[in-house]
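Novice: This is the structure I have questions about; it appears just below.
The values are calculated or read from the model by the stated rules, or taken from the named source; none is laboratory data. For clarity, every value in this text was computed on a predicted model and none was experimentally measured. Here the Cβ positions follow ideal geometry from the backbone for every residue, glycine too, while neighbour counts run over all protein chains shown. For the accessible areas, the whole protein counts, side chains as well, though only heavy atoms, and no ligand, DNA or RNA atoms are used. Shrake-Rupley method; radii C 1.70, N 1.55, O 1.52, S 1.80 Å.
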Amino acid sequence: MAARYLDRLQNIYDMVSYTLAGYRKTSESDYDEFAQQLQVMPRQPARLSYEEVKPASEQWLLRNTLSDGLAIVMPVLEDARTICALCDFKGSGNKDPEQLNEIASNQRAEFLQQEIDKKFEIL
């Protein structure tokens, strides 16, 4: 289970590393040349200058990297909650199938509705 999440994090790390490596080597002339090669540009007068696009693309990359990272964290938190609840269930000696179903479905749905700080509190 951990490998699945770590593989996804590695994938994000690789994409950020690749993007930043290229970003460091891009010049204003590279940006202009590439933009001119595109056959369709939505609105040429609104095109960002090189000085504007650099910080905007950094913010875009950061925002998307954080979003992807959080998208990974949510399933990890849910899996951790389920595993902890199942360990408690097993440790208590309880064998009630309804209680097991409660852990797997209803408690899962309730957990997913919580704010992230509440999820950490629950865990």
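Novice: For segment 2-9, indicate whether the set of residues that are open to solvent by less than 70 Å² (accessible area, probe 1.4 Å), at pLDDT below 90, of a type in the set (Gly, Ala, Ser) and within 30 Å of Phe120 (Cα to Cα) is non-empty.
Specialist: The answer is yes; a qualifying residue exists.
Novice: So in segment 1-59, with the set limited to residues that are of a type in the set (Phe, Trp, Tyr) and under 30 Å from Pro75 (Cα atoms), which one is farthest from the chain's Cα centre (by Cα)?
Specialist: Selected residue: Tyr18.
Novice: Cβ contacts < 9 Å: first residue small (Gly, Ala, Ser), restricted to segment 93-104; second residue part of a helix (DSSP H, G or I) and open to solvent by 60 Å² or more (accessible area, probe 1.4 Å), any location; separation 6+ or different chain. Result?
Specialist: Ala104/Leu86
Novice: Output the number of residues of segment 11-32 satisfying the condition of being in a helix (DSSP H, G or I) and open to solvent by less than 90 Å² (accessible area, probe 1.4 Å).
Specialist: Total meeting the criteria: 15.
Novice: Within segment 46-117, which helices (runs of 4 or more DSSP H) (wholly inside it) include 3 or more residues that are of a type in the set (Gly, Ala, Ser)?
Specialist: 50-92
Novice: Under 6 Å between Cβ atoms, which residue pairs at least 6 apart in sequence (or on different chains) link something in segment 71-87 that is of a type outside the set (A, V, I, L, M) with a partner that is surrounded by 13 or more Cβ atoms within 10 Å (Cβ to Cβ) and assigned to a helix (DSSP H, G or I)?
Specialist: Close Cβ pairs (under 6 Å, with a partner that is surrounded by 13 or more Cβ atoms within 10 Å (Cβ to Cβ) and assigned to a helix (DSSP H, G or I)) amount to Arg81/Phe111.
Novice: Out of curiosity, is Ala35 without any contact (Cβ under 8 Å) to a residue 40 or more places away in the chain, more than 27 Å from Asp117 (Cβ to Cβ), among the aliphatic types (A, V, I, L, M) and loosely packed, with under 10 Cβ neighbours inside 10 Å?
Specialist: The answer is no for Ala35.
Novice: Further question on the same structure: Looking at Leu48, Leu100, Leu62, which is the one that is modelled with pLDDT under 90 and either open to solvent by less than 60 Å² (accessible area, probe 1.4 Å) or over 27 Å from Ile122 (Cα atoms) (or both)?
Specialist: Leu48
Novice: Would you call Arg81 open to solvent by 90 Å² or more (accessible area, probe 1.4 Å) and within 30 Å of Asp117 (Cβ to Cβ)?
Specialist: Judged against the criteria, Arg81 is not a match.
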